[in-house]
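Below is one structure; the comments refer to it alone.
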Amino acid sequence: MENDKKQVQLRFQALSIIVPILNEIELLPELMTHLQHWQRCGCEVLLVDGGSDDGSADVAEAIGFKVIRSARGRASQMNAGAAQAKGDVLLFLHADTRLPDNGIEQIFNTLKTYRWGRFDVRIRGDALMFTVIAFFMNIRSRFTGIATGDQAIFVTRDLFVEVGGFNEQPLMEDIELSKQLQKHNHPACLYTKVTTSGRRWLTYGVWHTVLLMWRLRWAYWRGVSAEQLAKEYV
């Protein structure tokens, strides 16, 4: 039994969880509790701060997490985390997304046959539309092979390095990474769900946010630059 526990811990040590943060002081207590669980399991946890001015980075360090300072922007932050990560598997987790209890085991089981993948997503909140939005996000991703950051993208380190990591762009970095990874193989689309916050939809309005994201994605597919689209992203 003791040997089995050691083997599980050694396996978990092969995974690095990279979390970009920016002014997340209100969310931090819940996030820290979630990440401490995986840290105790043996996973490496790296928080990458993009210049918070609310004390987020200092609080996280005081709790005992490793915090990396980087240029602002999710792509830059996640690349900075990946550059210092020790694991053979990289998991990119948004600060408002939570992994299922068996998430890490599912990742390792999946990587026996795939080199990258993502989870289905559930949106946390009272809005009835959240179920519909999540359903179509998951279906679209399964059909196109494009993963969003909310779906907790995981990838072997060697493949991530091979494609050059995230493009240094202010928006749609998850789409661009998915395109590069797809040149090697289709993602594993896990039916198991991560849970992400509906705060953006609730703050700016459900329909406004849905229509904005669809319009931006359509424009990006037509060739509009991420820099131009970032000016329209609230």
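Take the residues of region 11-31 that are farther than 20 Å from Asp150 by Cβ and out of contact with any Gly (no Cβ under 7 Å at 6 or more places or on another chain): which is modelled with the highest pLDDT? Full working, then the answer.
Taking region 11-31 as the starting set, the residues that turn out to be farther than 20 Å from Asp150 by Cβ are 11-14, 25, 29.
From the residues that got through so far, the ones that are out of contact with any Gly (no Cβ under 7 Å at 6 or more places or on another chain) too are 11, 29.
On the way: Arg11: 62, Pro29: 94.
Out of the qualifying residues, it is Pro29.
Counting only residues that are within 19 Å of Leu35 (Cβ to Cβ), open to solvent by less than 60 Å² (accessible area, probe 1.4 Å), touching a residue at least 60 places away in the same chain (Cβ under 8 Å) and assigned to a helix (DSSP H, G or I), how many does region 64-121 have?
8
Taking only pairs six or more apart or across chains, which ones have beta-carbon atoms under 7 Å, a first residue in region 189-211 that is in contact (Cβ under 8 Å) with a residue 60 or more places away in the chain, and a second residue that is open to solvent by 40 Å² or more (accessible area, probe 1.4 Å) and of a type in the set (A, V, I, L, M, F, W, C)?
That search, which allows pairs on different chains as well, returns Val206/Met129.
For every residue, the table says whether it meets (1) charged (D, E, K, R); (2) touching a strand residue (DSSP E or B) at 6+ places or on another chain (Cβ under 6 Å); (3) over 18 Å from Phe136 (Cα atoms).
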| position | (1), (2), (3) |
| --- | --- |
| Asn167 | no, no, yes |
| Glu173 | yes, no, yes |
| Ala188 | no, yes, no |
| Arg200 | yes, no, no |
| Thr203 | no, no, yes |
| Leu212 | no, no, no |
| Gly223 | no, no, yes |
| Ala226 | no, no, yes |
| Ala230 | no, no, yes |
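Criterion first (touching a strand residue (DSSP E or B) at 6+ places or on another chain (Cβ under 8 Å), among the β-branched types (Val, Ile, Thr) and at pLDDT below 95) does Thr148 satisfy it?
On the way: touching a strand residue (DSSP E or B) at 6+ places or on another chain (Cβ under 8 Å): yes; among the β-branched types (Val, Ile, Thr): yes; at pLDDT below 95: yes.
When the stated conditions are applied, Thr148 passes them.
Suppose we filter Arg157, Arg118, Arg98 for residues that are more than 28 Å from Leu212 (Cβ to Cβ) and under 16 Å from the mean Cα position of the chain (by Cα); which single one remains?
Details: Arg118 fails: more than 28 Å from Leu212 (Cβ to Cβ); Arg98 fails: more than 28 Å from Leu212 (Cβ to Cβ).
Sole residue among the options that is more than 28 Å from Leu212 (Cβ to Cβ) and under 16 Å from the mean Cα position of the chain (by Cα): Arg157.
If you check Phe135, Phe130, which single one turns out to be within 21 Å of Trp207 (Cα to Cα), more than 17 Å from the chain's Cα centre (by Cα) and open to solvent by less than 20 Å² (accessible area, probe 1.4 Å)?
On the way: Phe135 fails: open to solvent by less than 20 Å² (accessible area, probe 1.4 Å).
From the options Phe135, Phe130, the qualifying one is Phe130.
If you go through region 214-234 one residue at a time, how many are of a type in the set (Ser, Thr, Tyr) and open to solvent by 60 Å² or more (accessible area, probe 1.4 Å)?
Here is the first cut: in region 214-234, the ones of a type in the set (Ser, Thr, Tyr) are 220, 225, 233.
From what is left, the residues that are open to solvent by 60 Å² or more (accessible area, probe 1.4 Å) are 233.
So the answer is 1.
Go through region 118-128 and count every residue that is at pLDDT below 90 and not charged (D, E, K, R). Steps first, answer last, please.
The initial filter retains those residues of region 118-128 that are at pLDDT below 90, namely 125-128.
Going one step further and asking which of them are not charged (D, E, K, R), we end up with 125, 127-128.
Residues in region 118-128 being at pLDDT below 90 and not charged (D, E, K, R): 3 in total.
The values are calculated or read from the model by the stated rules, or taken from the named source; none is laboratory data. Note that this is a predicted model, so its numbers are computed, not measured. Cβ coordinates were reconstructed from backbone atoms using ideal geometry, including for glycine residues, and neighbour counts include every protein chain displayed. Accessible surface areas use protein heavy atoms only, side chains included; no ligands, DNA or RNA. Shrake-Rupley method; radii C 1.70, N 1.55, O 1.52, S 1.80 Å.
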